[in-house]
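**Student:** I have a structure here, written as structure tokens, and I will follow up with some questions on it.
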Amino acid sequence: MVSVSTSSHAYRGRFAPSPSGPLHNGSLIAAMASFLDARVHHGRWLLRIEDIDTPRVVPGADKTIMQQLRMLDMQWDDDPVWQSQRLPLYQAAFDKLAAQDEVYGCACTRQELPLDGPYPGTCSQGLPPGRKARAWRFRVSQGVECFHDRWQGSQQQDVAATSGDFIIKRADGLWAYQLVVVVDDGAQGITHIVRGADLLESTARQRMLAQHLGVNYPTVMHVPLLLDAAGRKLSKQNHAAAMDLTRPLSTLNRAWQALGFEPLSSHDTKTFWETALERWANRYGQ
Ligand code: GLU
């Protein structure tokens, strides 16, 4: 086991897959990086099943993901949590924001909104006459949100100019990802987020929500994505191939190389992880 001199024994990281299918080579990268980072810092690595977007949930995918992680020798700490079992937490957070007048009902349909650019604020001062609220938006503050990303470097995002007031409760009645992820990271005491770079642009919105909910926002690291031949993120939606678990070492090495390292010539998963931990500690340990 590598030894890293650090006072970060309170490190709490997480892997938060959406169970819309099995893990694939792209999602393994985020799982691997968050796992290594937690282990190198002698922290906890929690598993959170993000099954809040029920139309996208595939029954049994949560169990498959857990099985896949176990087969790759990636054992999480504590009991996993399922977002679908935490609805009262999200309601309480929503109520807190609403009590501070930071939430408003929005009647706009997709057709009424510009194709891109921030929400124009149509309903921010009240619903147009005769219209009913469909979704609920968080009122964002003006100004540039600045933070450091451990992989991507220093970041600046102007949420008002890019997203504008964003949805925290959807028109179909479901809680939006942006809200639940902040509530859960806060409730689970997460100190470090390590996830795919597609979520970098969500970070400023999440930081803003965290501030208004009175929770600490974790340190972030957004790791590279695997792209398909057309340059799109490899995802379950564009039919990324499932991981090959009959050859766990080559599957692990592929994710490892995507993280910018030379392949490891290990004989088994145990030695793969030992070496990977050492290398990760040299680069990203404190
Ligand atoms: N559930 C999200 C996904 O699978 C990840 C959320 C996060 O790490 O913040 O893409």
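The values are calculated or read from the model by the stated rules, or taken from the named source; none is laboratory data. Fair warning: this is a prediction, and the values are worked out from it, not measured in the lab. We place every Cβ from the backbone using ideal geometry, glycine too, and count neighbours over all the protein chains shown. Remember, those area values only see protein heavy atoms, side chains included, never the ligands or the DNA or RNA. Shrake-Rupley method; radii C 1.70, N 1.55, O 1.52, S 1.80 Å.
**Student:** Being over 15 Å from R14 (Cβ atoms), touching a residue at least 60 places away in the same chain (Cβ under 8 Å) and within 18 Å of the chain's Cα centre (by Cα) is the filter; apply it to the stretch 53-86 and report the residue that is least open to solvent (accessible area, probe 1.4 Å).
**Tutor:** Only one residue fits best here, namely D53.
**Student:** Would you check which residues across the stretch 55-84 are within 15 Å of the ligand (Cβ to nearest atom), under 22 Å from G186 (Cα atoms) and outside any strand (DSSP E or B) and list them?
**Tutor:** Correct list: W76, P80, Q83, S84.
**Student:** Given the condition among the acidic types (D, E) and farther than 25 Å from I168 by Cβ, answer yes or no: does some residue in the stretch 194-206 qualify?
**Tutor:** No.
**Student:** Just the residues that are more than 9 Å from the ligand (Cβ to nearest atom) and either outside any helix (DSSP H, G or I) or under 18 Å from R86 (Cβ atoms) (or both), please, taken from the stretch 185-201.
**Tutor:** G186, A187, Q188, G189, I190, T191, H192, listed by residue number.
**Student:** Only one residue in A229, A133, A160, A204 is assigned to a loop (DSSP other than H, G, I, E, B) and surrounded by 14 or more Cβ atoms within 10 Å (Cβ to Cβ), so which one is that?
**Tutor:** Checking each option against the conditions leaves just A133.
**Student:** Specify which of the listed residues (A187, A255) is within 21 Å of the chain's Cα centre (by Cα) and over 24 Å from I52 (Cβ atoms).
**Tutor:** The unique qualifying residue is A255.
**Student:** Ok, one more. Only one of Y104, Y90, Y119 is within 27 Å of R14 (Cα to Cα), open to solvent by less than 50 Å² (accessible area, probe 1.4 Å) and either touching a Phe, Trp or Tyr at 6+ places or on another chain (Cβ under 8 Å) or in a strand (DSSP E or B) (or both); which?
**Tutor:** Y90 is the lone residue from the list that is within 27 Å of R14 (Cα to Cα), open to solvent by less than 50 Å² (accessible area, probe 1.4 Å) and either touching a Phe, Trp or Tyr at 6+ places or on another chain (Cβ under 8 Å) or in a strand (DSSP E or B) (or both).
**Student:** Another question, then. Please go through the stretch 251-268 and pick out each residue that is open to solvent by 50 Å² or more (accessible area, probe 1.4 Å) and either in contact with a His (Cβ under 8 Å, 6 or more places away or on another chain) or of a type in the set (S, T, Y) (or both).
**Tutor:** S265
**Student:** Can you report the number of residues in the stretch 177-232 which are β-branched (V, I, T) and over 30 Å from R254 (Cα atoms)?
**Tutor:** 4
**Student:** Kindly indicate which of G21, G26 is farther than 24 Å from G186 by Cα, within 13 Å of the ligand (Cβ to nearest atom), modelled with pLDDT under 95 and not in a loop (DSSP other than H, G, I, E, B).
**Tutor:** Residue meeting the stated conditions: G26.
**Student:** Let me ask something else about it. Taking the criterion of being away from the ligand (no atom under 16 Å from the Cβ) and closer than 18 Å to Y177 by Cα, would at least one residue in the stretch 34-54 satisfy it?
**Tutor:** Checked against the condition, which is being away from the ligand (no atom under 16 Å from the Cβ) and closer than 18 Å to Y177 by Cα, the stretch 34-54 yields no hits at all.
**Student:** Now a separate question. So which of T271, T275 ends up being open to solvent by 20 Å² or more (accessible area, probe 1.4 Å), among the polar types (S, T, N, Q) and farther than 20 Å from V223 by Cα?
**Tutor:** T271
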